[in-house]
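Accompanying notes for the structure given below.
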Amino acid sequence: MSTVRVRYAPDIRNYRYLIHPLKESAPIVEGFLYTKKQRDILNQYFHKGIDYASGYKIPVYASADGYAVAGYQRYTVLNEDNTPKLYNGKPFSCGLGYFIQIYHPYKISKVKGGRITIYGHLSKFANGIYAKTDKPLKIDYKKGIIKNNEERRKYKKGKEKIEEKIKSTRKLIWKYPWIKKLYGFSFSNDITKKESYLYTPQELKRLHKEGSKYVKWVKQGDIIGYTGTSGIIHGRPKYRENLSRPNIREFSTWDESHLHFQEASRDIKTGKKILNRDPYGIYLSKEHYNQFPYDTLFIDFEKKISL
Ligand SMILES: [Zn+2]
């Protein structure tokens, strides 16, 4: 069992600097690796975060001091051939939804270059927190389907199959126009256009100093937002996407209401999350989180872990 941990845990000494983002000891519903069920739904193995089950609109607390930014991120779940994947006959989405990211400089996290924590699927942000929103990207399904079926294109039957896929995807888009849109992935270097979660530490400091409404310094334990199910749409969307101040009423979707929590760094050049740590130091799927965390990032680690 230690091999998984040895392979995936980044070589950073764990220093306890976080408090749990939810007040009550919320059950862990997904660990660092996805459970089999979730893996089959999402076609993904690594979760690289922790999901806590929670009621709807429950306060979420800043795990440590830092610069908070907010955004909206959502993508349509696809099959290997680039057609939208269906769950109970309807397209569905994944991604962080309305989320907050806090940058914790070295003096807080005791890691060179600082660390980030992420809080996903929120229904509402606390006062003074605004998502920086941009136009969504448009997915070109036709192009993607052709590209992912190059072998098949060589044969007449294959060509017909591809045409069928394009046609049925077109129908699906007509019924569910949201599946064409992709939110939260505008990788621009222009500071006015780039996603706020991609601000460098220097930009965060400068923008905060200048009084930008998109960067807020928060203290450990401050309420930053409220739990929800944003980003996980199933069938028709039940809320408005890409608002700077969302306030979403509870709706039913393909997954339960939960808080997605992550601790990581960002590659300054690519903006990608790197060196994700499991705050409990376990690096396995949910079933393994009943062990006592001996190497955790949480100060309040004695808080009972429930499954
Ligand atoms: Zn999650």
For this session: Hey, could you check the stretch 26-42 for residues that are more than 11 Å from the ligand (Cβ to nearest atom) and within 15 Å of Ser257 (Cα to Cα) and say which is surrounded by the fewest Cβ atoms within 10 Å (Cβ to Cβ)?
Result: Pro27
Problem set entry | Residues of the stretch 138-181 satisfying the condition of being surrounded by 11 or more Cβ atoms within 10 Å (Cβ to Cβ) and among the hydrophobic types (A, V, I, L, M, F, W, C) | Ile139, Ile145, Ile146, Ile162, Ile166, Leu172, Ile173, Trp178, Ile179
Exercise. Of all residues in the stretch 39-80, which are among the hydroxyl-bearing types (Ser, Thr, Tyr), more than 30 Å from Tyr106 (Cβ to Cβ) and either in contact with a Gly (Cβ under 6 Å, 6 or more places away or on another chain) or at pLDDT 95 or above (or both)?
Worked result: Tyr56, Tyr75, Thr76
For this session: Would you point out the residue of the stretch 259-286, among those that are surrounded by fewer than 21 Cβ atoms within 10 Å (Cβ to Cβ) and part of a loop (DSSP other than H, G, I, E, B), that is nearest to the ligand (Cβ to nearest atom)?
Result: Leu284
For this session: Identify the residue in the stretch 43-68 that is near the ligand (Cβ under 10 Å from one of its atoms) and in contact (Cβ under 8 Å) with a residue 40 or more places away in the chain and, among all such residues, is surrounded by the fewest Cβ atoms within 10 Å (Cβ to Cβ).
Result: Lys48
For this session: Residues being within 16 Å of the ligand (Cβ to nearest atom), surrounded by 22 or more Cβ atoms within 10 Å (Cβ to Cβ) and either within 23 Å of Asp222 (Cα to Cα) or modelled with pLDDT under 95 (or both): count how many of those fall in the stretch 81-117.
Result: 7
Exercise. Among the residues of the stretch 214-230, is there at least one that is within 16 Å of the ligand (Cβ to nearest atom), under 20 Å from Asp134 (Cα atoms) and in contact with a Ser or Thr (Cβ under 8 Å, 6 or more places away or on another chain)?
Worked result: yes
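The values are calculated or read from the model by the stated rules, or taken from the named source; none is laboratory data. Nothing here was measured: the structure is a model prediction, and the numbers come from that model. Please note: Cβ atoms are built from the backbone with ideal geometry, for glycine as well, and neighbour counts cover all protein chains shown.
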